[in-house]
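Written below as structure tokens is the structure these notes are about.
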Amino acid sequence: MNNRYDRQVRLFGAEGQARIRAAHVVLFGTGGNGSHVVQQLAYAGVRHWTLVEFDTADDTNLNRLVGAGPDDVGTAKIDIAKRMVLALHPDADMTLIRGGLGEPDQQDQIVEALSRATLAIGCFDLEVPRVEAVKLCSRAGVSYLDLATEIVPSDDGADPVYGGRTVFSHDGKGCLVCLGIIDPAELAREQMPAEQRAERDRLYGLNPDEVGDSGPSVVTINGVVASLACTEALMFLTELREPARQLTYLGQNSVVRKNLTVGPGDCLYCYQWRASRSERA
Ligand SMILES: [Zn+2]
């Protein structure tokens, strides 16, 4: 073949590179974080993809949506991601699921995609679909890597806080849910009817423009977290080493921290992941 992957085969080995080529990655979300993920893993050689995304690019996305330019306003984000993959792999095998996780039509397609997945990666803005992804992936026995970034702007003279984290859930020793990473207050807020949510936000003094899927966002902060996640994904795919369970990027301190906490052991999702691993062993 050509020398396309020569420089990284020196790290991953020919066998590792073959594993990347054979991998099927299911990616939930091709927005601020997901667009970095699809670009980086496609460059690394991933060519079997299932992309899941419902949203369309608008002009407020153009500060960070990798692969998008002014002409893409109004274009489905999933098509922008597809274009990036096809530019690198014209023969890529791509399944596009246009919709969210909660919709029954899409869910059947997602379950089918997970049944032939090597790895699932979640780049959500909200907690509800994260929990849904944990449910679906643990049931399917598919490793699940979740990314999140957050910016809390300066308020009342306090310094702003910004960064993000990656969580790898798959070995039955702790997952996104039992490690307490899902914010129960935020989860409850998202599940409220719109009117009740607005009332609660008012009571708590929350600005709806600063929470959930319309909060502040910066391309480099997304890029750091996505690169941490993609590196762990490649460690997993190539089997170079075990991926880190939990990495936290504290942007305000310029620090990345590895969290070694394990789960409580009585988690249903972790049980399902353990069961599917022992089945395969
Ligand atoms: Zn768990």
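The values are calculated or read from the model by the stated rules, or taken from the named source; none is laboratory data. Remember, it's a predicted structure, so these values are computed and weren't measured experimentally. Please note: Cβ atoms are built from the backbone with ideal geometry, for glycine as well, and neighbour counts cover all protein chains shown. Accessible surface areas use protein heavy atoms only, side chains included; no ligands, DNA or RNA. Shrake-Rupley method; radii C 1.70, N 1.55, O 1.52, S 1.80 Å.
Rank by packing, highest mean first: peptides 228-236, 240-248, with packing defined as the count of other Cβ atoms within 10 Å averaged across residues.
The densest-packed peptide leads the list: 228-236, 240-248.
Tell me, which cysteines of the chain are without a disulfide-compatible partner by the Cβ under 4.7 Å rule?
CYS123, CYS137, CYS175, CYS230
Positive end of the dipole of the range 6-280, charges at C-beta (+1 Lys, Arg; -1 Asp, Glu), about the Cα centre: which of VAL262, VAL73, GLY31 has its Cα farthest in that direction?
It is VAL262.
With every protein chain left in place, what is the accessible area per residue of the chain in square angstrom, probe 1.4 Å?
Averaged over the residues of the chain, the accessible area is 50 Å².
Where the only charges are on Cβ atoms (+1 Lys, Arg; -1 Asp, Glu), what is the dipole of the range 89-128 about its Cα centre, to the nearest 20 debye? Walk me through the numbers before you get to the answer.
Working: 2 positive and 8 negative charges, 19 e Å.
Computed about the Cα centre, the dipole is about 100 debye.
If we sort 7-13, 269-275 on the protection proxy, mean other Cβ atoms within 10 Å, highest first, what's the order?
Going by the mean number of other Cβ atoms within 10 Å, highest first, we get 269-275, 7-13.
Give me the percent of the accessible area of the chain that comes from carbon and sulfur atoms, probe 1.4 Å, all protein chains in place.
Exposed carbon and sulfur together represent 50 percent of the surface.
So if I place +1 on the C-beta of Lys and Arg and -1 on the C-beta of Asp and Glu, and nothing else carries charge, what would the dipole magnitude of the range 6-280 be about its Cα centre? I want it in debye, nearest 20.
Values: 27 positive and 38 negative charges, 280 e Å.
Dipole about the Cα centre, nearest 20: 1340 debye.
Which order do the peptides 186-195, 33-42, 163-172 come out in when sorted by mean C-beta neighbours inside 10 angstrom, highest first?
33-42, 163-172, 186-195
Could you work out the per residue convex hull volume over the alpha carbons of the range 6-280, in cubic angstrom? Write out the running numbers ahead of the final one.
Working: hull volume 40.1 nm³, N = 275.
Expressed per residue, the convex hull around the Cα atoms of the range 6-280 is 146 Å³.
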